[in-house]
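Participant: Before I ask anything, here is the structure I am working with.
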Amino acid sequence: MTKEAYERMFQKIRSMRYGVTVIRNLGETVTVLTAIFYAAALFVSVWRGKGKQAFLICLVPAVSIFVVSCFRNWWKAERPYEIYGFQPLFPKETKGKSFPSRHVFSIFVIGSTLYWFYPLLGEWICLMGIVLAILRVIAGVHFPKDVLVGAAAGILCGCMAGLLK
């Protein structure tokens, strides 16, 4: 996306009475709901005595997020606001670490992992991941490629749970 495209989006969102607040709160809500659903799925797995399932629900996202975090630290891709010199819709001072989006990767690896044990929950989390991906681009903290690769990589890593199941 170009600087002009981001600026047009920002102008449109900022012209709405609560535009920035809605974008920020929706992103935070999606993130918190994902954490709650993830913890609930883990709790239910443990409560039902499904140790291997609980282990995979923890292991696959944890290892995957660690690997992606290491890659981002090495790759050091700049964020849109660094390249184009604008203020994103919400305060963000992180330098680099834009590719792939770790927020989007995380929600998709969690959703894809849970899909193998709780299909409907996994689908819902992945749908929330689509919303989060759009919000991260609209907010100006990621490029579309960052969220697309984050989603695809998250889904692929989540499929490891299905293979190990």
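Participant: How many residues does region 118-161 contain that are over 22 Å from Tyr81 (Cβ atoms) and of a type in the set (A, V, I, L, M)?
Facilitator: 12
One line per residue, one yes/no per condition, for (1) touching a residue at least 12 places away in the same chain (Cβ under 8 Å); (2) out of contact with any Cys (no Cβ under 6 Å at 6 or more places or on another chain); (3) surrounded by 14 or more Cβ atoms within 10 Å (Cβ to Cβ); (4) not hydroxyl-bearing (Ser, Thr, Tyr):
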| residue | (1), (2), (3), (4) |
| --- | --- |
| Met1 | yes, yes, yes, yes |
| Arg8 | no, yes, no, yes |
| Val22 | no, yes, no, yes |
| Leu26 | yes, yes, yes, yes |
| Val46 | no, yes, yes, yes |
| Cys70 | no, yes, no, yes |
| Arg79 | yes, yes, yes, yes |
| Lys97 | yes, yes, yes, yes |
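Participant: Please enumerate the residues belonging to region 73-111 that are at pLDDT below 95, on the phi < 0 side of the Ramachandran plot and basic (Lys, Arg).
Facilitator: Selection gives Lys92, Lys95.
Participant: Evaluate the following for Ile110: is it touching a Pro at 6+ places or on another chain (Cβ under 7 Å), touching a residue at least 12 places away in the same chain (Cβ under 8 Å), crowded, with 17+ Cβ neighbours inside 10 Å and not polar (S, T, N, Q)?
Facilitator: Answer is yes for this residue.
Participant: Test Ala54 against the criterion of being at negative phi, in a helix (DSSP H, G or I) and surrounded by 13 or more Cβ atoms within 10 Å (Cβ to Cβ), and give yes or no.
Facilitator: So Ala54 fits the description; yes.
Participant: Right, Ala54: aliphatic (A, V, I, L, M) and touching a Gly at 6+ places or on another chain (Cβ under 7 Å) or not?
Facilitator: No; evaluated as a whole, the condition is false for this residue.
Participant: Does Val149 count as within 17 Å of the chain's Cα centre (by Cα) and crowded, with 22+ Cβ neighbours inside 10 Å?
Facilitator: Answer is no for this residue.
Participant: Under 6 Å between Cβ atoms, at least 6 apart or on separate chains: pull out the pairs that start in region 150-165 with a residue that is closer than 10 Å to Val60 by Cα and end on any residue that is surrounded by 14 or more Cβ atoms within 10 Å (Cβ to Cβ) and of a type in the set (Ser, Thr, Tyr).
Facilitator: Taking only residues 6 or more apart or on different chains, the pairs are Cys157/Ser64; Gly158/Ser112; Gly158/Thr113; Ala161/Thr113.
Participant: Could I ask something else about it? State all residues of region 68-98 that are within 24 Å of Gly19 (Cα to Cα), outside any loop (DSSP other than H, G, I, E, B) and within 18 Å of the chain's Cα centre (by Cα); if no residue qualifies, say none.
Facilitator: Pro80, the sole residue that qualifies.
Participant: Would you mention how many residues in region 1-13 are part of a helix (DSSP H, G or I), touching a helix residue (DSSP H, G or I) at 6+ places or on another chain (Cβ under 7 Å) and either at pLDDT 95 or above or under 15 Å from Arg136 (Cα atoms) (or both)?
Facilitator: 3
Participant: Now, a different point. Go through region 75-107 residue by residue and tally those that are under 16 Å from Tyr6 (Cβ atoms) and polar (S, T, N, Q).
Facilitator: Of the residues in region 75-107, 3 are under 16 Å from Tyr6 (Cβ atoms) and polar (S, T, N, Q).
The values are calculated or read from the model by the stated rules, or taken from the named source; none is laboratory data. Keep in mind it's a predicted model, so treat the numbers as computed, not measured. Every residue, glycine as well, gets a Cβ built from its backbone with ideal geometry; the counts of neighbours run over all protein chains shown.
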